[in-house]
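The values are calculated or read from the model by the stated rules, or taken from the named source; none is laboratory data. Note that this is a predicted model, so its numbers are computed, not measured. Every residue, glycine among them, receives a Cβ derived from its backbone with ideal geometry; neighbour counts consider all protein chains shown. The accessibility values were calculated without ligands, DNA or RNA, using every heavy atom of the protein model including side chains. Shrake-Rupley method; radii C 1.70, N 1.55, O 1.52, S 1.80 Å.
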Amino acid sequence: MTYIRAATRHGKTSIRRIAAALSLSLALSAPTAAGNDRAGAFDYYILALSWSPNWCAAQGEARGADQCDREHGWILHGLWPQHERGYPAWCQSAERPPPRRMTAAMADIMGSAGLAWHQWRKHGSCSGLSAAEYFARSRAAHDAIALPPVFDQLRNPVRLPASVVEEGILKANPDITADRLSVTCRGDLIAEVRLCLTRELEPRTCGRDVARDCPLSRALMLPRP
């Protein structure tokens, strides 16, 4: 405040300085991706599972995404290194990028090789792991969570509280508690289930910026094709 009072005595130039100082302060405090984090420097993972029919309806079909041509339900969106607040992304990594055969081998749980490639570049590069290790860890985390079959059995669109999806996941996974999981929405659609995991892939409490459940009481879930 002392700086601001002094600066206002000097007219427009000082106003510009105030704006620049405020912008810098906001940028430093925002819980967004740093973009230049060191690979391997993170606190925990988020396992993100996307409901493919909803994603395809919201944006995937318009993009002509490969996964929308198949009967996917929950797919692995990614395994994301996470700070206690914010997350690293697009890290400079000494590890070689994955070959096509490696990303293609992830399509069964990720929907497409393209998504696997993108997840490696944005998130896997920050893991400190090789591409092979990162995808092996991603598959292990995916396979360890039980997904209630009721969602795959939908035959018509349904509207339901987003909390019902969370309750279904928690019931199927007794070792997971509500503070280790969040369900997100995009518009009026159920979007993702996000599970917080230690670096050893054990469930753990989510950071405050992650633990934000979708509040909708009539969220939409579309059936698999």
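Summary table
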read-out	value
For the stretch 112-225, convex hull volume per residue from C-alpha positions, Å³	125 Å³
Of Leu222, Gln153, Ser127, farthest towards positive along the dipole that unit charges on Lys, Arg, Asp, Glu beta carbons give the stretch 120-225	Leu222
For Arg139, net neighbour charge (Lys/Arg +1, Asp/Glu -1) across residues whose Cβ lies under 13 Å away	-2
Carbon + sulfur, % of accessible area of the stretch 84-225 - ligands and nucleic acids excluded, 1.4 Å	51 percent
Å² of accessible area per residue within the stretch 73-171, as computed with a 1.4 Å probe and no ligands counted	49 Å²
Debye, to nearest 20: dipole size of the stretch 100-142, +1 on Lys, Arg Cβ, -1 on Asp, Glu Cβ	100 debye
Rounded FRET efficiency, nearest 0.05, which uses the C-beta distance separating Leu160 from Arg85 and R0 of 25 Å	0.20
Cα centroid of the stretch 35-71 to Cα centroid of the stretch 97-133, whole Å	12 Å
Size descriptor, Kirkwood hydrodynamic radius, that averages inverse alpha-carbon separations across the stretch 144-206, Å	12.6 Å
Separation in nanometres of the label points that stand 7 Å from Cα toward Cβ, at Arg212 and Arg96	4.0 nm
Using distinct alpha-carbon pairs, which all enter the 1/r mean, Kirkwood radius of the stretch 55-159 in Å	15.0 Å
